[in-house]
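One structure below.
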Amino acid sequence: MTSQKASARAHTNIALIKYWGKKDQQLILPMNGSLSLTLDHFYTDTMVEFNSAFTEDTFYLNQKKFDATKVSPFLDLVRQLNPQAGYAHVISKNHVPNAAGLASSASAFAALALAASTAAGLKLSRRDLSRLARRGSGSATRSIYGGFVEWLPGTSDQDSYAVPIDEKVDWDIEMLAIIIDRKQKKVSSREGMQRVVATSPFYPAWVKSTNTDLIAAVKAVKQHNLKLLGQLAESNALRMHALNLSARPPFSYFEPQSLVAMNIIEKLRSQGVCCYYTLDAGPNVKVICSTAESRQIISALSAAFAPEQIIEAFPGPGAKLIEC
Ligand code: DP6
């Protein structure tokens, strides 16, 4: 019997310029490039053991057994790279405060890519890890790296991967996550983005304007320009959500409380505070701001949200191996 184990930790990331549509469903190639910030606060730890005595894959998440079909197609990709690797046991734990509805496929598949490839005896470069993580979930492509990360869309499996833009963030930027709903999404991101690509008449304009936003946002990161980055991120997020409203049938991730949070941020801004919001495939609002102003923003948000609904997160590291 041969057995090989490895454990990895990967952090989640929030896109400032969004990925919202695929040009290849199977390879998970995005229609446009995207830019994200990896966060310290939310992460997944995953242990993978390949063992020649195992007769099937098994998968535990937060100490609960799940159907292995959630991980087996991904493990098959690792087995293609090392056909000696047999079945695997996968044990994952999401470290997300109070099941905050921010558990993300990004940290999950980035941690699984690193743990599974290492346990299978492969020593993949970070570029190849990013390509592998991409096959699990698009946003996982970016969670291999820390700090600000760009996903180059590419045209094939070979050239669609993430690159670090500013890995060790040494300027004043953070995110406040406002937890509005902990429930499952009504429309999954996979389904939502497929629907907008197929039915929104505005989709070509999204791709074109996002490509322009991305170039400007990468420059803003390099210049440490929080205001410009925030403006670009907020407007890009609103365009993504406008696509959803323009799909057939239409859908929206906004809840009344999302709009309350957005209004508070807009009002603070009119008073001269540098803060901007973004939303992903769910109602939670994330605020981009500086630590210098975060107390003031939290205090304004406290008029409408309980303290446990507001979580402060800072730039976080890339995926790494941890003790089994
Ligand atoms: C709104 O990466 O979850 O968060 O590739 O189908 O697994 P799949 O989708 P996923 O979509 C993330 C969408 C987003 C924007 C982003 O992270 O760029």
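The values are calculated or read from the model by the stated rules, or taken from the named source; none is laboratory data. Every value quoted in this text rests on a predicted model; they were computed, and no experiment measured them. When we count neighbours, we look across all protein chains shown, and the Cβ atoms used for this are built from the backbone with ideal geometry, even at glycine. These accessible areas exclude ligands, DNA and RNA; they are computed on the full protein's heavy atoms, side chains included. Shrake-Rupley method; radii C 1.70, N 1.55, O 1.52, S 1.80 Å.
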**OP:** Determine the relative contact order of region 1-129: mean sequence separation of Cα pairs under 8 Å and six or more apart, normalised by residue count, in whole percent.
**Re:** 33 percent
Original post:
Relative contact order for the chain using alpha-carbon pairs under 8 Å, separation at least 6, rounded to a whole percent?
Top reply: 25 percent
Original post:
Long-range amide H contacts for residue 285: which residues qualify at under 5 Å (H placed 1.01 Å from N, peptide plane, sequence gap of 5 or more or a different chain)?
Top reply: 178, 180
**OP:** Report, in cubic angstrom per residue, the convex hull volume of the C-alpha atoms of the chain.
**Re:** 127 Å³
Subject >> Å² of accessible area per residue within region 29-117, as computed with a 1.4 Å probe and no ligands counted >> reply: 41 Å²
Original post:
Using a 4.7 Å Cβ cut-off, which Cys residues in the chain lack a partner cysteine?
Top reply: 274, 324
Original post:
Want the number for residue 199 to residue 292: 0.36 nm per residue separation, take away the alpha-carbon distance, what's left?
Top reply: 29.2 nm
**OP:** Please name whichever of 205, 147, 221 sits farthest to the positive end of the charge dipole of region 135-235, dipole taken about the Cα centre and charges placed at Cβ: Lys and Arg +1, Asp and Glu -1.
**Re:** 205
Original post:
Which helices of the chain meet both criteria: a Cα extent of 24 Å or more along the helical axis and a mean Kyte-Doolittle score no lower than -1.0, with helices taken as whole DSSP H segments?
Top reply: 203-222, 226-245
Subject >> Computed E for residue 3/residue 62 - FRET, C-beta separation, R0 25 angstrom, nearest 0.05 >> reply: 0.55
Subject >> Kirkwood Rh in Å, taken over region 57-209 so that all alpha-carbon pairs contribute >> reply: 17.5 Å
Original post:
Ignoring ligands, DNA and RNA, what percent of the 1.4 Å accessible area of the chain is carbon and sulfur?
Top reply: 54 percent
Subject >> Total charge dipole magnitude, the chain, about the Cα centre, Cβ charges on Lys, Arg, Asp, Glu only, Debye to nearest 20 >> reply: 540 debye
Original post:
Once fully extended, how much extra length lies between residue 308 and residue 222, figured as 0.36 nm per residue of separation less the alpha-carbon to alpha-carbon distance?
Top reply: 27.7 nm
Subject >> Residues of region 209-324: accessible area per residue with a 1.4 Å probe, Å² >> reply: 45 Å²
Original post:
Which one of 61, 94, 160 has its Cα pushed farthest toward the positive end of the charge dipole of the chain, where Lys and Arg give +1 and Asp and Glu give -1 at the Cβ?
Top reply: 160
Original post:
Remind me, relative contact order of region 104-153 in percent, using alpha carbon pairs under 8 angstrom and six or more residues apart?
Top reply: 42 percent
**OP:** Would you calculate a helix-derived [θ] at 222 nm for the chain, using -39,500 (n - 2.57) for each DSSP H run of n ≥ 4 and dividing by the full residue count, to the nearest 500?
**Re:** -11500 deg cm²/dmol
